[in-house]
1. May I ask you to derive the FRET efficiency for GLN227 and GLU289 from their Cβ-Cβ distance with R0 = 41 Å, giving the value to the nearest 0.05?
2. Could you grab the relative contact order for region 206-300? Cα pairs under 8 Å, six or more apart, rounded to a whole percent.
3. Between ASP176 and ILE262, what is the spin-label point distance in nm, taking each point 7 Å from the Cα along the Cα→C-beta axis?
4. State the volume of the convex hull built on the alpha-carbon positions of region 177-256, expressed per residue in Å³ and rounded to an integer.
5. Okay, helix-only estimate at 222 nm for the chain: each DSSP H run of n ≥ 4 adds -39500 (n - 2.57), divide by all residues, round to 500 deg cm²/dmol; what do you get?
6. Connecting C-alpha atoms closer than 10 Å in a GNM of the chain, tell me which of SER44, SER284, SER119 has the biggest fluctuation.
7. Under the rule a/c < 1.5 gives rounded, and otherwise a/b versus b/c splits prolate from oblate, where does region 161-204 land using the Cα gyration tensor?
8. Starting from the eigenvalues of the Cα gyration tensor, five times each then square-rooted, give me the equivalent ellipsoid semi-axes of region 134-198, largest first, whole Å.
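Since every read-out is calculated from the coordinates, none of them should be taken as a lab result. Since the model is a prediction, treat every value here as computed from it, not as a measurement. Here the Cβ is made from the backbone with ideal geometry for all residues, glycine too, and neighbour counts use every protein chain on show.
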Amino acid sequence: MDKSNVAVLKEKILKLKSEKDVVILAHNYQIPQIQEIADYLGDSLELARISKEVESKVIVFCGVKFMAETAKILSPLKQVLLPVIDAGCPLADTINTEQLLELKKKHPGAWVVSYVNSSAGIKALSDVCCTSANAVRVVKNIPVDKVIFVPDKNLGWWVQKNVSNKEVVVWQGFCDAHEKFTLEDLDKTKKLYPDACVMVHPECRKEILQKADFVLSTSGMLSRAAQVEDKRFIIGTEEGIIHRLKRENPDKEFYSLGKEKICQTMKKTTLVELYESLAKGIYSIELSEEVIAKAKTAIERMISYV
């Protein structure tokens, strides 16, 4: 799409947004054009908080399905639209409700801590949710000594490492994009930029987490890059965040940890899909009252752990 067509499409989106009392939320992994037109840009925790607080009648969530479901759970009276209905999360799909129910039977008394990258059904069976930004804090603060952590094994390992006084039963799911980062990638990139600070997402493999300078959520990476004097950074997460890092820190350099890793479902949302979603009111997220009620408790507990 050439620049003139992009400009026209953006103008149409902004006009519809104003007419229909819509707020556009976008995750840090979205394509640059979506990031630039969003009202709010953030990670899962930031966007969950925002979706609860905004006054607009309609939320258009440029992300993946579990994020739009989370917004609907927190704001059940609002219409929540997901521009691409099959923008799912392979990590969330690694566990289903039957598997979680079996885990709960095997570990009676344990609290279920579900990473926000999970379906509404999984959240409804959970005691509390967490994000990569607050997972350690959540598990430290819950009032039991045994935890079932689903679905990400790498974030689960990071939690276990940092909360040694509790037993953590970790489900063995993983994010395809983050799992592709290797120690070889890290070593090669570090040789190219020996003075660079290495910041990685806790969905990366544990051997990457052990060698990184900092293990951070995307919001944590943005904060650190802006606040420290370092001028070079190696980034171990989905490549979408690098666009925002460069835009907000034009005097600094950012390099992917090895070849850039891409979440294909995050890239499905383009300006065309966003426009269609606004124009036609598609695709509306619908959840049962029972799922909303049960999942809301777990998500609100997550938000309370600031």
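1. That gives a FRET efficiency of 0.45.
2. Value for region 206-300: 19 percent.
3. A separation of 1.3 nm, rounded to one decimal place.
4. About 76 Å³ per residue, rounded to a whole number.
5. Computed ellipticity for the chain at 222 nm equals -13000 deg cm²/dmol.
6. Largest GNM mean-square fluctuation: SER284.
7. oblate
8. Ellipsoid semi-axes (Å, largest first): 30, 14, 8.
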